[in-house]
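The values are calculated or read from the model by the stated rules, or taken from the named source; none is laboratory data. All figures in this text were calculated on a predicted structure; none of them were measured in a lab. Here Cβ is always computed from backbone atoms with ideal geometry, including for glycine, and neighbour counts include all displayed protein chains.
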Ligand SMILES: [Zn+2]
């Protein structure tokens, strides 16, 4: 019987199905192993290589795995029950398949060698996100990208069949292994070729950044912000702004900032990163609108925690002078489907307008907030204060 890919969904008409996992125990004693008989079908339903869920089982169970891709045999050493593996598979699906924004499983992965990160993109809602790099399977995916063509360096997802990149990767193949009992990590072919190739692409990328599509540049800036947050330089607002301007993305950058900086603790984070965000959104209603879009996505990603707080979050945006009154009113008057589904945007707005904050009729602008808005916004960087208008 087919199962819903997301087993939390009980809707029998849910579109995304996968076969129930079949496990077959073979061998005895030290050689006992569990063959996942229908791993290929499961993997197809998840649109992931069969090696990923198999390896995931190995990581979770602390067991060695073996793949014989020619004969479609995917094996976890030791004796494991099908139900247990099925439950583990839910974890894999949650971490490596489902879109965190809309829960849809139609996502694709690509490996970015430069940043050593696994990028994911949702085909249903367009949400781009990064896979948790701390999971052991992530290390495996980084070494064994889902598709040779995604073994790339910020080069976007466009595949040009005439490009030399494509030709060079045609030779990418991996060898099967079942008999020697080694972990599979060493069994993939020619990673050094790909590494060489990636280095060359790297050079090309730096010279031609502005020839890239907006999406590709957004991806680069996203990576830049993620890395900056990791190494603690993200509060260097001037540096962040420079990179965004270099890629001609100053206005769109706030949606990425929302993604990188904010989570369920958004209300504190808005305060903590207020100066940085302000650098991007001050006097730029389009940028503010993008930031609101990022907030919409954030609320969608953490619906349970944040939807009830939507009103407070929007009020924070206003109180911290991150989004002007006019922008908020325009946003509330016309829900957009640009960032989240329109229905969800409406839900957020309903929550907001339900309370009296900046709702137009009452003109209920919290009065104390007006004062800080009038002050010129200053940005601290290491050299002291810089007026944002001079940047
Ligand atoms: Zn999605």
Q. Among 217, 289, which is surrounded by 21 or more Cβ atoms within 10 Å (Cβ to Cβ), modelled with pLDDT under 90 and in a helix (DSSP H, G or I)?
A. 217
Q.
Can you find, within the range 119-133, the residue that is farthest from the ligand (Cβ to nearest atom) among those that are crowded, with 18+ Cβ neighbours inside 10 Å and in a loop (DSSP other than H, G, I, E, B)?
A. 131
Q. Residue 46 fails exactly one of the following numbered conditions: (1) over 30 Å from residue 230 (Cα atoms); (2) more than 16 Å from the ligand (Cβ to nearest atom); (3) surrounded by 20 or more Cβ atoms within 10 Å (Cβ to Cβ). What is the number of that condition?
A. (2)
Q | Residues that are buried (at least 19 other Cβ atoms within 10 Å of the Cβ) and in a helix (DSSP H, G or I), drawn from the range 235-257 | A | 237, 240, 241, 244, 253, 254, 255, 256, 257
Q | Residues located in the range 103-118, provided they are within 14 Å of the ligand (Cβ to nearest atom) and buried (at least 20 other Cβ atoms within 10 Å of the Cβ) | A | 105, 107, 109
Q.
Take the conditions within 16 Å of the ligand (Cβ to nearest atom) and either in the same structural domain as residue 62 (by TED's automatic domain parsing) or surrounded by fewer than 19 Cβ atoms within 10 Å (Cβ to Cβ) (or both) and apply them to residue 136. Does it pass?
A. no
Q. Which fully enclosed strands (runs of 3 or more DSSP E) of the range 15-109 have 2 or more residues being in the same structural domain as residue 337 (by TED's automatic domain parsing) and free of Cβ contacts under 8 Å to residues at least 40 places away in the same chain?
A. none
Q. Looking at this structure, is residue 275 surrounded by fewer than 20 Cβ atoms within 10 Å (Cβ to Cβ) and at positive phi?
A. no
